[in-house]
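S.K.: Below you'll find the structure I mean.
The numbers here are math on the coordinates, done by the rules we state, and not lab data. Predicted model only: the values in this text are computed from it and were never measured. With ideal geometry, Cβ positions are generated from the backbone for all residues, glycine too; neighbour counts draw on all protein chains shown.
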There are 12 protein chains.
Amino acid sequence: MSTSHVYKKIEMVGSSTTTIEDAVKNAVQRAAETIRHIRWVEVVETRCHVEENQIAYWQVTVKIGFTLDT
Amino acid sequence: MSTSHVYKKIEMVGSSTTTIEDAVKNAVQRAAETIRHIRWVEVVETRCHVEENQIAYWQVTVKIGFTLDT
Amino acid sequence: MSTSHVYKKIEMVGSSTTTIEDAVKNAVQRAAETIRHIRWVEVVETRCHVEENQIAYWQVTVKIGFTLDT
Amino acid sequence: MSTSHVYKKIEMVGSSTTTIEDAVKNAVQRAAETIRHIRWVEVVETRCHVEENQIAYWQVTVKIGFTLDT
Amino acid sequence: MSTSHVYKKIEMVGSSTTTIEDAVKNAVQRAAETIRHIRWVEVVETRCHVEENQIAYWQVTVKIGFTLDT
Amino acid sequence: MSTSHVYKKIEMVGSSTTTIEDAVKNAVQRAAETIRHIRWVEVVETRCHVEENQIAYWQVTVKIGFTLDT
Amino acid sequence: MSTSHVYKKIEMVGSSTTTIEDAVKNAVQRAAETIRHIRWVEVVETRCHVEENQIAYWQVTVKIGFTLDT
Amino acid sequence: MSTSHVYKKIEMVGSSTTTIEDAVKNAVQRAAETIRHIRWVEVVETRCHVEENQIAYWQVTVKIGFTLDT
Amino acid sequence: MSTSHVYKKIEMVGSSTTTIEDAVKNAVQRAAETIRHIRWVEVVETRCHVEENQIAYWQVTVKIGFTLDT
Amino acid sequence: MSTSHVYKKIEMVGSSTTTIEDAVKNAVQRAAETIRHIRWVEVVETRCHVEENQIAYWQVTVKIGFTLDT
Amino acid sequence: MSTSHVYKKIEMVGSSTTTIEDAVKNAVQRAAETIRHIRWVEVVETRCHVEENQIAYWQVTVKIGFTLDT
Amino acid sequence: MSTSHVYKKIEMVGSSTTTIEDAVKNAVQRAAETIRHIRWVEVVETRCHVEENQIAYWQVTVKIGFTLDT
């Protein structure tokens, strides 16, 4: 990582019926469709959506940091 | 809302001479010009701009969440 | 308010299609069905639910403080 | 706004029986009796005082910023 | 979700020897014994209890939101 | 403390004319009238009510954690 | 407390060699020399100054709220 | 600044081997390549990257606010 | 610093076209015109005002602590 | 746990290619090489390091509490 | 205090059956066994351990600052 | 940076009569006397010590992260 790098951070929410990790992966995977140089993810908030008194899926808000210079 | 949804959140500041609610609406209305599936808004910060010792307008910072899939 | 008072605080979310104030009132009104001596409300978080890119209703999270002693 | 400006911020609580906006206005109006160049207001905290299980008035804590240089 | 809904949020701590997700599920399961319409969970804090220098179990503090209207 | 424990936390405000510690004790004592297995208290906020420019009593907001199982 | 009240809050630091409560009282006492209608105090931060590895005195930062009207 | 303005805020990280101010400037300069009406910057977080026990460069996270209306 | 000291803290915003440090100095310098015994400064928030996509000046919010007793 | 206990807390960052839980375990395991009586862990922050647009490993910042008295 | 000083801060938890102040003193006393130049203490968190619905002891988390240069 | 790395973070306060950056450097330099693999620094808090109404020196609290594995 050279000192001239500038990064941008975007905020996304990923979902998963299984784990917190999987919800983060889904957010990263979706971001990777349009962003090339993702470098890090910060987990900001973890929630669950509940249906019929069971956890239906996990919703994890993340900030995704990526390199802007090419 | 299916579990495969991924959301993105952007941060905007709306203004209004009348109310906090109207400032939020102006931010949402402007976002809706380029975003199709807005789902929720989180009010982050409320300020007023003051001119001649009167509240000239309200400035409300919001996070706007919208669906990325489809 | 005597010094021997003990208060309890509960957290609720009120909704309204019109204003933030109305959403708070709806939460207080609902709490008042089972609580007798509400004393104060603290606004914790303000959100909107959006449908068809319009603000459908306001959702305001509040803490409601009430007297426990009789 | 020139770069040599220095601002001071004070913290006040305004009240209103009607709206959050009106409570902020009352705080600004009172501050304007002794301060000449108010520039902005930051809403810090919103509370309600409740009497007989009805919202009696709104209490809004604000920070008021004003120019010190003349 | 109609606009007249009012939600209540309670704070609980769930435990699990295996995962964070399981600790949250245990809290929800216990809450579901007395609450009918749980809608969402917010993860507030994650801790571990350690015994003999090994993680003995996870303790996750959650806020559980549920519908009050019937 | 076994791993199957689930705790609930409630928020209360205790008052005392003498000390912060006594205000916390009053909140716990009141909670203990209806709750059997209180385990811990977290001090959240400390305030004083002032009358005739003297501290009249201390008001301490606490979260009280107790065991739900058995 | 009428609805037309406006309050001001100032931030002070009181000291005491004995207790946290005494440090708060010293701040209030000093504020009372120039302010007439103090209503409440919020404890913001508690520190100790240490000399020769002993607590020399407590330093408590408080916000003091007082009535501006009349 | 007219009351009909709507602003957008993006989050970036700028780097510099020399100063915090220079890292912020680099972030603004990079943002200015694609954004026309930047109005303000909020410094969110300051970090250093360390190599061979020396500060190699400063990394400053900023929020950049710009006008959306034309 | 004797234990009987009471301090007051005020909040100011200083500006500078050059550095964060200079903006703080300008706030302190302005405060020193009317306050005699400033003891410390806490940096609360750092912002930049941007004009023509260049940082025009730094705006630093500070809390200034000073001795009240003489 | 007797009342004379004094605890120390240290801050560590653990890594894992698989789960958040595993990253915490790695931090605890490393701490256990030099600390004998670890009692609890508080999860402070969760991040991922991303390589080639895939989550390469999880990085979890924890505070580890342990008994100082023997 | 000369300008060349560098301080280190450690985080500890002190306990006491009597008061918050005493719990802080116990933490400082224990730290003073191995640290020579303690200068200040910051109170970070206050909790109570409860046994048989009575406060058994106070647990106060503190940050302890001390001089590193000799 | 391999995935098996574990980091430790310590909290220090550096001082400088000139700049914030220099105060951070002084803290890192002092830490480097006993720590070999410092990787990053997080700026936590910035303060100034004031003497005769002039900024005498900057005091910057930092968290210093370093590799524990060899």
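S.K.: Once the Cα atoms of helix J:20-31 and of chain J are each reduced to a long axis, what angle between those two axes, in degrees from 0 to 90 to the nearest 10, is obtained?
M.R.: Orientation of helix J:20-31: about 50 degrees from the principal axis.
S.K.: Now for a different question. Residue by residue through region K:40-57, what is 3J(HN,Hα) from phi via Karplus (6.51 cos²θ - 1.76 cosθ + 1.60, θ = phi - 60°)? Round to whole Hz and write x for glycine and proline.
M.R.: Ordered by residue, 3J(HN,Hα) equals 8, 10, 10, 7, 9, 7, 10, 9, 10, 9, 10, 10, 6, 6, 10, 5, 7, 7 Hz.
S.K.: Based on the Cβ-Cβ distance of I:ASP22 and H:GLU42, what FRET efficiency does E = 1/(1 + (r/R0)^6) give at R0 = 22 Å, to the nearest 0.05?
M.R.: Between I:ASP22 and H:GLU42 the formula returns 0.70.
S.K.: Would you work out the relative contact order for region E:7-67, in percent, from Cα pairs under 8 angstrom that are 6 or more residues apart?
M.R.: 48
S.K.: Given the C-alpha atoms of region L:19-70, compute the convex hull and give its volume per residue in Å³.
M.R.: Normalising the Cα hull of region L:19-70 by residue number yields 64 Å³.
S.K.: I would also like to ask the following. So what's the protein assembly as shown giving for Cα Rg divided by 2.2 N^0.38 Å, two decimals?
M.R.: Normalised Rg, Cα atoms only: 0.92.
S.K.: Something else now. Over what distance in Å are the Cα centres of region L:1-37 and region J:8-70 separated?
M.R.: Each part's Cα centre sits 20 Å from the other's.
S.K.: At 222 nm, what helix-only mean residue ellipticity would chain J give, in deg cm²/dmol to the nearest 500, using -39500 (n - 2.57) for each DSSP H run of four or more?
M.R.: Roughly -5500 deg cm²/dmol at 222 nm, from the helical runs in chain J.
S.K.: Give the longest segment of chain I that steers clear of GluC sites (Glu not before Pro) in DSSP loops with at most 11 neighbouring Cβ atoms within 10 Å, not counting the sites themselves.
M.R.: I:1-32
S.K.: Using a 10 Å cut-off around each Cβ, can you sort B:VAL13, G:VAL6 from fewest to most neighbouring Cβ atoms?
M.R.: Least crowded to most crowded, the residues run G:VAL6, B:VAL13.
S.K.: Would you pull out the residues with amide H under 5 Å of H:GLU45's amide H, same chain only if 5 or more places away, H placed 1.01 Å from N?
M.R.: Excluding prolines and chain starts, which carry no amide H, the hits are H:THR61.
S.K.: Sequence neighbours fewer than 8 away in the same chain don't count; with that in mind, list the lysines whose C-alpha is under 18 Å from B:LYS8.
M.R.: Reachable lysines: A:LYS8, A:LYS9, A:LYS25, A:LYS63, B:LYS63, H:LYS8, H:LYS9, H:LYS63.
S.K.: Continuing with this model, one more query. So, in nm, how far is label H:GLU33 from label J:GLU33 when the simple model puts each one 7 Å beyond its Cα toward the Cβ?
M.R.: 4.2
S.K.: Given points 7 Å out from each Cα along the Cα-Cβ axis, report the C:GLN54 to E:GLU51 separation in nanometres with one decimal.
M.R.: Here the answer is 5.9 nm between the modelled labels.
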